[in-house]
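K.L.:
Have a look at this one.
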Amino acid sequence: MYTSAKNSAATLLLFITTIIGTTAVLAAPPTPSSRAATKTGKHTTLSAEQRQIHQASTLAQNGRKAMSYIVAARQLLSEKHGTEAHQYLEQAKGLLTKLKSNVTTDNENASGLLPIYSQLGIREGVEITDQIKQQLGKTHLDAVRGKHRKVIEALKTVNIEMQYSFVDLPVVATLGKVESALKSLSAKNTRQASQALADAQEGLIRDTIVINAVKENPAS
């Protein structure tokens, strides 16, 4: 059994969000680390890493917000509220258009995916020492930037059983689905618009990896 990463977010320094219901709507308040700063007098100075974490967290928040508009629009369509759904989709389109420019100009992001959720679960009963906290803290920037392979490789060296989960948003493909839904709505084709939004939700990239798994009943 794994403890929730929410219980140790400040300690483990991993970006955490809460999945609302069974949908792909993801939301969370800003993490303490994204606001971390060293204050000198009246001025606040962020380190280069803190700035990168803050920027990545802001993009992730906008990605989650876009998805929340998509989910809300689909629900409104099911309730025959086409005008309101159209308004939500315009909001999602605006956010995704801005995110597209960020993703496509990032030379390190060839896949065009935007990480919008990541969570680390620690096996219940495992003692989190200061050394482990330090090791886990080093994965924070890679986690929020979606460098999942790098995170996993780093976590393997910690030598405790963990569960790493993440969700990535394919920005360009999702924007295309939203634009398709808007066109369908303009043509009064509610069913086709709803299907495009369902495809947008299903297009999210999700995965959960158990790291350093320990056998429950090792052979004697």
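K.L.:
Here are some residues: Val178, Val144, Val167. Which one is under 20 Å from Leu59 (Cα atoms), more than 18 Å from the chain's Cα centre (by Cα) and buried (at least 17 other Cβ atoms within 10 Å of the Cβ)? Before the answer, list the steps.
P.N.:
On the way: Val144 fails: more than 18 Å from the chain's Cα centre (by Cα); Val167 fails: more than 18 Å from the chain's Cα centre (by Cα).
Only one candidate qualifies: Val178.
K.L.:
For Ala200, state whether it is in contact (Cβ under 8 Å) with a residue 12 or more places away in the chain and surrounded by fewer than 17 Cβ atoms within 10 Å (Cβ to Cβ).
P.N.:
Details: in contact (Cβ under 8 Å) with a residue 12 or more places away in the chain: yes; surrounded by fewer than 17 Cβ atoms within 10 Å (Cβ to Cβ): no.
Considered against the rule, which asks whether it is in contact (Cβ under 8 Å) with a residue 12 or more places away in the chain and surrounded by fewer than 17 Cβ atoms within 10 Å (Cβ to Cβ), Ala200 comes out as no.
K.L.:
Please work out which one of (1) out of contact with any helix residue (DSSP H, G or I) (no Cβ under 9 Å at 6 or more places or on another chain); (2) within 27 Å of Thr83 (Cβ to Cβ); (3) in contact (Cβ under 8 Å) with a residue 12 or more places away in the chain is the condition Thr208 fails and give its number.
P.N.:
Going through (1) out of contact with any helix residue (DSSP H, G or I) (no Cβ under 9 Å at 6 or more places or on another chain); (2) within 27 Å of Thr83 (Cβ to Cβ); (3) in contact (Cβ under 8 Å) with a residue 12 or more places away in the chain one by one, Thr208 breaks only (2).
K.L.:
May I ask you to list the residues in the range 107-133 that are outside any strand (DSSP E or B), modelled with pLDDT under 90 and out of contact with any Lys or Arg (no Cβ under 9 Å at 6 or more places or on another chain)?
P.N.:
Just the residues of the range 107-133 that are outside any strand (DSSP E or B), to begin with: 107-112, 124-133.
Now restrict to residues that are modelled with pLDDT under 90: 107-112, 124-128.
Once the filter is applied, which keeps residues that are outside any strand (DSSP E or B), modelled with pLDDT under 90 and out of contact with any Lys or Arg (no Cβ under 9 Å at 6 or more places or on another chain), the range 107-133 yields Asn107, Ala110, Ser111, Glu124, Gly125, Val126, Glu127, Ile128.
K.L.:
Then there is this: If you go through the range 187-201 one residue at a time, do you hit one that is outside any helix (DSSP H, G or I), small (Gly, Ala, Ser) and more than 25 Å from Gln55 (Cβ to Cβ)? Break it down stepwise before answering.
P.N.:
At the first step, the residues of the range 187-201 found to be outside any helix (DSSP H, G or I) are 187-189.
The next check asks that each one be small (Gly, Ala, Ser); those that pass are 187.
Then drop every residue that is not more than 25 Å from Gln55 (Cβ to Cβ), which leaves 187.
Yes, the range 187-201 has at least one match.
K.L.:
Only one of (1) more than 30 Å from Gln195 (Cβ to Cβ); (2) in contact (Cβ under 8 Å) with a residue 24 or more places away in the chain; (3) assigned to a helix (DSSP H, G or I); (4) among the small types (Gly, Ala, Ser) fails for Ala154. Which number is that?
P.N.:
(2)
K.L.:
Among the listed residues Ile205, Ile116, Ile152, Ile132, identify the single one that is over 19 Å from the mean Cα position of the chain (by Cα) and surrounded by 14 or more Cβ atoms within 10 Å (Cβ to Cβ). Spell out how you get there, then give the answer.
P.N.:
Numbers: Ile205 fails: over 19 Å from the mean Cα position of the chain (by Cα); Ile116 fails: over 19 Å from the mean Cα position of the chain (by Cα); Ile152 fails: over 19 Å from the mean Cα position of the chain (by Cα).
Being over 19 Å from the mean Cα position of the chain (by Cα) and surrounded by 14 or more Cβ atoms within 10 Å (Cβ to Cβ) holds for just one of Ile205, Ile116, Ile152, Ile132, which is Ile132.
The values are calculated or read from the model by the stated rules, or taken from the named source; none is laboratory data. Given the structure is predicted, the values throughout are model-derived calculations rather than measurements. Cβ atoms come from the backbone with ideal geometry, glycine included; neighbour counts cover every protein chain shown.
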